[in-house]
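As structure tokens, the structure follows; a few thoughts come after it.
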Amino acid sequence: MSGQLSAAQRNAVSRISGLVVINAMIFQEILAEHDPRVLPLQKMLAKGTLVRQFGEHWQFILDDIDYYPIFHVACQILGDLTATQGMIEALKDLAATAQSIVGMRAALRHDLMGRIYHRLLVEAKYLGTYYTGIPAATLLLKLALRPDAWDVEWRDLEQLRHLRVADLACGTGTLLMAAADSVTDNYISESAAQGQEIDVVALHTTLVEEVLHGYDVLPSAIHLTASTLALRAPHIAFTKMNLFSLPLGGPHRRLGSIEYLQSKYLQLQMDLFAAAPATRQVRGDEAVEMPSAPLPDLDLCVMNPPFTRSVGGNLLFGSVPENERTQMQTKLRRLVRVSKASASITAGLGSVFVATAHRHTKPGGRMALVLPKTVLSGVAWKKTRRLLREKYRLDYIIASQHPERWNFSENTSLSEVLLVASKVDDDTARRSEPPCVVGVNLWRNPVTAFEALSVAHRLSSNRVPDIRHGQGALELFVGEQKVGEAIAYPWDELKSHDGWMLPCSYAQSDLIRAAFHLLQGSLWLPGHGKVAQIQLSALREFGSLGPDRRDVSDGFNRSATPTAYAGFWGHSAKTVCTLAQEPNCHLSPLSRAKKGRPLRNIEDLWPLAGRLLVAEGLRLNTQSLVSVRLPGAVLSNVWWPFALSRGFRTDDHEKAVVLWLNSTLGLLSLLARRQETEGAWVGFKKPVLAGLPVVDLRALSRGELQGLGSAYDKVCDRQLGPFPEMAVDPVRAEIDGSIARILGLPDFSTLREMLSREPVVCSKQL
């Protein structure tokens, strides 16, 4: 098999193997302090042939003490090593480092090995294994397990024994550790309040042996999860751990935890290519190899599932050989179809993992998830939102508005959100009060667990103002520093919309409130409330959007000579600065299909060309325009063509739409529906744009329509500055002033000033 690996993959295997070995050494050293049968590392170093000595001693620990998930993988690695002098010296170095780490007790925080592991995991792109930061995990689990939200006597260990918490993609165990910490806090707080004796040994035993369940396709990750949990109480000899390494790929094309879509038990057939399952449990004095990995009905499923998608080189199952990958993708599609899972493979494995977790979450249970922010508005995530809409109550949406840290995972720069959702049945929903989802916008991402605890405490112990009738927001502080705001949004209102971006669309809650009222046809201004009505209608009411870039590419090539087909290519921040633009290229029809793509009929494509263009994607911190107008119809690679319907084909109708979209009100409503990929880099899919509310062309009088057309003519050739400069941009001020004057609206320049300060727009921290 090693001959099939690239040099980078061999290096990754070597680095992670070294990490597993040193981690086993660390655990051995800690265990030696509590169990006289375990030798400290110093005695091991004096014994001679280290490969054999460590191998024999770790096998003794496996046979007589257990800790199977920790020492089994390490023993397998030692079994493949040769006892050369170089290898002996390497083991000595690892042992010396392990002793040093144990000597620095602060280094044994449970995030240490996880952080190192994910730095070494060069295949993270293909595995989609994103390590959840400790502060994010702490915040998520403190909210998901806040004691007053559960019908649990937290001081009753017998009740806790029946609690089931699982992570179907547990990685190095960060989220499971945070869950254990939250349950421990609940138990100690309630026990102390009732004057009850606190039995920490019994609690830790209950958590590890009964409550916590972890699943992953990487044995090395399960190894680290096991040591992470065991290091919480190394003096306790646990009789079992519910940690399972699941096969991925191989001749059976196994799919890891996703196969729980069809069963509560996964058969762990062993073969030459399957990952070794760390599923041995100790019952009495007998070690038993488990033939299957059971997944119980869950009170809480907590996950940061793989995000991989079949686009942009970020391949589904990209870590397995290509010949297996295609068959696994086929099996995945069949499994999703047969199981009728509410998931989209286009969104990636994360959507399928959420559907899998749903199958095993009890009514009244919860899911606590780390997901890409596109889950809120992405078209590909529509099925996941439908699942949550129909079966759950969304309790929290937590987004980072920190321009240097849009993410909650350590090794990605993608924008992410934390979600807490409660599974409800119809009877529960009828008996409960209309709930609100709390939108939390972090101006600064917590950098320590203590900061996360402070934010969680404030959220749990204070009323959050309602977006519709309340005022202001719940301000979040760490010490004297403001780190964010929270606002409550009626769940019935939010779930009636296809996209759920609005509660976390802006860092400033007043902008969220302004966007909320604007999308309902009211102009709301801070300090004044609703000051005017504006008649709006969906963009689709006035015309149709043209083909996307793939369809254009399947029908045309760019031409170096003039043709009958004009194009507008690219969105240069330096040159696309005026509302009026000219075609910048010509297109030539393809005579045959490109490799691996269908051939599109140009007679189907060209009638969809338009004179008005709307941006498909924007880099908000550098670009200037949402929409432009051209003298003739064009197709584009990064803009959506928009052609007005009959009855709206006058120049003034087009000018009114372009002027509105580039105004503060147009931008405010558009960004509230964005698909955010990575901070300021945002996109707009066709279904989202089609439903975007714009000024109702049918409600405009002839004078208003002509006035908007004239206002466009005055500014169409003048350069607009980048979006971050909108507060001091005279052209934008003139656009807003014209719209206010013609439509009879009060001055709304305060919204433009606020929008210019938004981190997603200016990439600066509030």
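Being in contact (Cβ under 8 Å) with a residue 24 or more places away in the chain and touching a Phe, Trp or Tyr at 6+ places or on another chain (Cβ under 9 Å): is that true of VAL688 here? So VAL688 fails the test.
For the stretch 106-120, does any single residue satisfy the condition of being surrounded by fewer than 23 Cβ atoms within 10 Å (Cβ to Cβ), part of a loop (DSSP other than H, G, I, E, B) and at pLDDT below 90? Yes, because at least one residue in the stretch 106-120 is surrounded by fewer than 23 Cβ atoms within 10 Å (Cβ to Cβ), part of a loop (DSSP other than H, G, I, E, B) and at pLDDT below 90. Please give the number of the condition ASP498 fails out of (1) free of Cβ contacts under 8 Å to residues at least 60 places away in the same chain; (2) not assigned by TED's automatic domain parsing to the domain that holds LEU644. Here ASP498 meets the rest and fails (1).
Of note, GLY647 does not satisfy the criterion of being farther than 30 Å from LEU511 by Cα, of a type in the set (Gly, Ala, Ser), at pLDDT 95 or above and surrounded by fewer than 19 Cβ atoms within 10 Å (Cβ to Cβ).
It is to be established whether one or more residues within the stretch 607-620 are surrounded by fewer than 17 Cβ atoms within 10 Å (Cβ to Cβ) and in contact with a Cys (Cβ under 9 Å, 6 or more places away or on another chain). Scanning the stretch 607-620, I find no residue that is surrounded by fewer than 17 Cβ atoms within 10 Å (Cβ to Cβ) and in contact with a Cys (Cβ under 9 Å, 6 or more places away or on another chain), so the answer is no.
Residues in the stretch 433-455 that are crowded, with 24+ Cβ neighbours inside 10 Å and over 24 Å from ALA672 (Cα atoms): PRO446, ALA452, VAL455. When SER509, SER461, SER522 are checked against the criterion of being among the hydroxyl-bearing types (Ser, Thr, Tyr) and touching a residue at least 60 places away in the same chain (Cβ under 8 Å), a single residue qualifies: SER509.
Among the residues of the stretch 490-531, those identified as more than 25 Å from the chain's Cα centre (by Cα), part of a helix (DSSP H, G or I) and of a type in the set (A, V, I, L, M, F, W, C) are ALA514, LEU518. Within the stretch 353-389, being assigned to a helix (DSSP H, G or I), at pLDDT 95 or above and among the hydrophobic types (A, V, I, L, M, F, W, C) holds for PHE353, VAL354, ALA355, ALA357, VAL375, LEU376, TRP381, LEU387, LEU388. Evaluating LYS340 against the criteria (1) part of a helix (DSSP H, G or I); (2) more than 20 Å from VAL688 (Cα to Cα); (3) of a type in the set (Lys, Arg) leaves one unmet condition, (1). Restricting attention to the stretch 54-89 and to residues that are out of contact with any helix residue (DSSP H, G or I) (no Cβ under 6 Å at 6 or more places or on another chain) and β-branched (Val, Ile, Thr), the residue that is farthest from SER17 (Cα to Cα) turns out to be ILE65.
Scanning the stretch 239-260 for residues that are outside any loop (DSSP other than H, G, I, E, B) and not β-branched (Val, Ile, Thr) yields ASN242, LEU243, PHE244, SER245, LEU248, GLY249, ARG254, LEU255, GLY256, SER257, GLU259, TYR260. Can you tell me which residue within the stretch 171-191, out of those that are among the small types (Gly, Ala, Ser) and in contact with a Lys or Arg (Cβ under 9 Å, 6 or more places away or on another chain), is surrounded by the most Cβ atoms within 10 Å (Cβ to Cβ)? Filtering first and then ranking leaves ALA178.
In the stretch 195-229, which residue that is hydroxyl-bearing (Ser, Thr, Tyr) and surrounded by 22 or more Cβ atoms within 10 Å (Cβ to Cβ) is farthest from LEU31 (Cα to Cα)?
Only one residue tops the list, namely TYR215.
For the stretch 709-744, filtered to residues that are β-branched (Val, Ile, Thr) and under 26 Å from SER572 (Cβ atoms), the residue that is surrounded by the most Cβ atoms within 10 Å (Cβ to Cβ) is ILE735. Considering every residue within the stretch 495-503, establish whether at least one is touching a helix residue (DSSP H, G or I) at 6+ places or on another chain (Cβ under 9 Å), at pLDDT below 95 and crowded, with 18+ Cβ neighbours inside 10 Å. Within the stretch 495-503, one or more residues are touching a helix residue (DSSP H, G or I) at 6+ places or on another chain (Cβ under 9 Å), at pLDDT below 95 and crowded, with 18+ Cβ neighbours inside 10 Å. Report yes if THR172 is among the hydroxyl-bearing types (Ser, Thr, Tyr) and assigned to a helix (DSSP H, G or I), otherwise no. No.
Among the residues of the stretch 590-601, which ones are surrounded by fewer than 18 Cβ atoms within 10 Å (Cβ to Cβ) and touching a residue at least 40 places away in the same chain (Cβ under 8 Å)? Passing the criteria: LYS594, ARG597, PRO598, LEU599, ASN601. If you go through the stretch 631-644 and keep only what is buried (at least 21 other Cβ atoms within 10 Å of the Cβ) and among the aliphatic types (A, V, I, L, M), you end up with VAL634, LEU635. Taking the stretch 639-701 and the strands (runs of 3 or more DSSP E) fully enclosed by it, the elements with 1 or more residues that are within 30 Å of PHE307 (Cα to Cα) are at 639-644, 675-678, 681-683. Within the stretch 479-495, can you find the residues that are of a type in the set (D, E, K, R) and in contact (Cβ under 8 Å) with a residue 40 or more places away in the chain? Answer for the stretch 479-495, where residues must be of a type in the set (D, E, K, R) and in contact (Cβ under 8 Å) with a residue 40 or more places away in the chain: GLU485, ASP492, LYS495.
Within the stretch 623-646, does at least one residue satisfy the condition of being in contact with a Cys (Cβ under 7 Å, 6 or more places away or on another chain), hydroxyl-bearing (Ser, Thr, Tyr) and in contact (Cβ under 8 Å) with a residue 40 or more places away in the chain? Yes, because at least one residue in the stretch 623-646 is in contact with a Cys (Cβ under 7 Å, 6 or more places away or on another chain), hydroxyl-bearing (Ser, Thr, Tyr) and in contact (Cβ under 8 Å) with a residue 40 or more places away in the chain. Total residues in the stretch 189-238 satisfying the condition of being in a loop (DSSP other than H, G, I, E, B) and either within 24 Å of the chain's Cα centre (by Cα) or on the phi < 0 side of the Ramachandran plot (or both): the figure is 15.
Within the stretch 420-430, restricting attention to residues that are surrounded by fewer than 24 Cβ atoms within 10 Å (Cβ to Cβ) and either modelled with pLDDT of 95 or more or hydroxyl-bearing (Ser, Thr, Tyr) (or both), the residue that is farthest from PHE307 (Cα to Cα) is THR428. The set of residues from the stretch 532-557 being within 15 Å of GLY666 (Cβ to Cβ) and within 30 Å of the chain's Cα centre (by Cα) comprises ALA538, LEU539. There is at least one residue in the stretch 714-723 that is assigned by TED's automatic domain parsing to the domain that holds ALA656, under 19 Å from ASP651 (Cβ atoms) and in contact with a Pro (Cβ under 9 Å, 6 or more places away or on another chain).
If we keep just the residues of the stretch 466-478 that are out of contact with any helix residue (DSSP H, G or I) (no Cβ under 8 Å at 6 or more places or on another chain) and in contact (Cβ under 8 Å) with a residue 12 or more places away in the chain, which is nearest to CYS436 (Cα to Cα)?
The extreme case among them is ASP466.
Screening ASN314 on (1) under 29 Å from VAL379 (Cα atoms); (2) crowded, with 16+ Cβ neighbours inside 10 Å; (3) among the polar types (S, T, N, Q); (4) modelled with pLDDT under 80 shows it passes everything except condition (2). A count restricted to the stretch 494-508 and to residues that are farther than 15 Å from GLN675 by Cα and in contact with a Pro (Cβ under 8 Å, 6 or more places away or on another chain) stands at 2.
The values are calculated or read from the model by the stated rules, or taken from the named source; none is laboratory data. On a predicted model such as this, the values are computed, not experimentally measured, just so you know. Glycine gets a Cβ as well: all are built from the backbone with ideal geometry, and neighbour counts include every protein chain shown.
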